[in-house]
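The next block holds one structure in the form of structure tokens; read it before the comments.
The values are calculated or read from the model by the stated rules, or taken from the named source; none is laboratory data. Treat the numbers as computed from the prediction; the structure is a model and nothing was measured. Heads up, the Cβs are rebuilt from the backbone with ideal geometry, glycines too, and the neighbour counts pull from every protein chain shown. The area values use the complete protein model at the heavy-atom level, side chains included, leaving out ligands, DNA and RNA. Shrake-Rupley method; radii C 1.70, N 1.55, O 1.52, S 1.80 Å.
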Amino acid sequence: MSAIFDHIAALHGKRNWGSVLDAGTGINSLRWLRGRKADSLTAVTGAELMVRRIEEALGPSPANERIVTGNWADPDFLRNETFDVVLADYLIGAMDGFAPYFQDEMIERLRLACAGRLYLVGLEPYVLDKPASAEGEIVFRIGRLRDTFLLLSGQKTYREFPLTWVTRHLERAGFKTIDIRKFPIRYRARFVNAQLDMCINRLHLVPDDLRTALADHVEELRRQALRLEAKNEGLRLGFDYVVAAEPA
Ligand SMILES: C[S@@+](CC[C@H](N)C(=O)[O-])C[C@H]1O[C@@H](n2cnc3c(N)ncnc32)[C@H](O)[C@@H]1O
């Protein structure tokens with residue numbers, strides 16, 4: 001995580017931060033942005049719960065910061081406001097929960113909001129094609145099983161977008177790409193347990209007759225994944241990406 005923020009700090013160099021928008025805020029991005037020398041900081045979330053989590057983890061906002069709850073799909077939300085620096089940190093992949101099918105429009109909203117520099121962080125989707133390696137395949141199976149539980153419980157799955165989609169839409173929206181960097185991912189035991197615990201926590205929401213078989217399946221996958229994770233010192237698959245862009 002910090003390798004990504006370190007990279008953005010290095011890309012930004014000695015430029016001023018000025019007014020900053022954290023377009024999809026959370027504990028990590030806001031903690032990091034509080035450490036920049038911004039004149040003002042606007043942090044946006046779609047969820048009141050996120051505001052409470054941030055306050056619990058980071059304490060109250062300093063004088064130059066406001067945390068705003070709203071939905072980017074609302075055309076009046078932060079209308080006509082522009083920022084010197086816009087950070088979209090895992091925003092696009094989280095949007096299906098708040099504004100499904102709005103991801104392309106979101107890139108246009110980012111263009112309207114950005115007067116200087118955009119840093120967009122995303123995760124390349126890893127649940128589409130079955131990977132060739134054993135460690136990749138086990139992460140793929142975990143992701144697919146997690147999505148199965150979400151769907152069976154009547155909830156939405158994550159929907160990450162590929163780097164190629166993002167750069168194409170940035171260009172269409174009137175950005176020029178300044179820099180692209182990929183960060184290969186090594187999933188650790190914490191990821192395995194967090195994803196599979198998400199499944200177990202939803203067991204009561206899946207149909208009764210599937211519960212026992214699914215619970216056994218989760219624990220067998222956990223056993224296999226943790227064994228491989230320990231043997232290979234992590235499970236390598238896919239990458240996060242950072243795109244730096246400016247209005248063309
Ligand atoms: C995965 S979190 C971002 C992670 C965060 N940057 C961190 O440091 O942990 C996604 C954020 O984007 C927000 N979000 C997603 N879609 C949104 C929308 N349509 N309007 C406003 N906020 C949205 C979510 O509420 C959440 O605050």
(message) As a test of the formula, what do you get for the chain when each DSSP H run with n ≥ 4 contributes -39,500 (n - 2.57) and the sum is divided by the residue count, at 222 nm and rounded to the nearest 500 deg cm²/dmol?
(response) -13500 deg cm²/dmol
(request) Return the percentage of antiparallel bridges among DSSP beta bridges fully within the chain, rounded to the nearest 5 %. (result) 50 percent
(message) Please compute the length gained on full extension between residue 16 and residue 144, using 0.36 nm multiplied by the number of residues separating them and subtracting their Cα-Cα distance.
(response) 41.8 nm
(message) Just want the answer: with Cβ charges of +1 for Lys and Arg and -1 for Asp and Glu, which residue in 115, 86, 142 is farthest toward the dipole's positive end in segment 50-189?
(response) 142
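Taking the Cα centre of segment 1-123 as origin, sum charge times position over the Cβ atoms of Lys and Arg (+1) and Asp and Glu (-1), and report the length of that vector in debye to the nearest 20. Kindly include the intermediate steps, with their values, before the conclusion.
On the way: 13 positive and 16 negative charges, 109 e Å.
Charge dipole, segment 1-123, about its Cα centre: 520 debye, nearest 20.
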(request) Could you check how much of the accessible area of segment 47-142 is carbon and sulfur, as a whole percent, using a 1.4 Å probe? (result) 51 percent
(request) Label segment 1-123 by shape, choosing from rounded, prolate and oblate, from the square roots a ≥ b ≥ c of the eigenvalues of the Cα gyration tensor; if a/c is under 1.5 it is rounded, and otherwise prolate applies when a/b is larger than b/c, oblate when it is not. (result) rounded
(message) Give the lysines reachable from residue 130 as a straight Cα distance under 23 Å; neighbours fewer than 8 places away on the same chain don't count.
(response) 156, 182, 231
(message) As I understand it, the value is the acute angle between the Cα axis of helix 48-58 and the longest principal axis of the Cα atoms of the chain; what does it come to in degrees, rounded to 10?
(response) 80 degrees
(request) Using only Cα atoms, find the angle between the long axis of helix 189-201 and the longest principal axis of the chain, and express it within 0 to 90 degrees, rounded to the nearest 10. (result) 70 degrees
(message) Beyond 21 Å, how much of the Cα-Cα pair distribution for the chain remains, as a whole percent?
(response) 62 percent
(request) Give the angle, between 0 and 90 degrees and rounded to the nearest 10, that separates the Cα long axis of helix 134-152 from the longest principal axis of the Cα atoms of the chain. (result) 80 degrees
(request) Quick one: go through segment 135-154 and flag any residue whose amide nitrogen is under 14 Å from the point 7 Å out along the Cα-to-Cβ line of residue 231. (result) 135-139
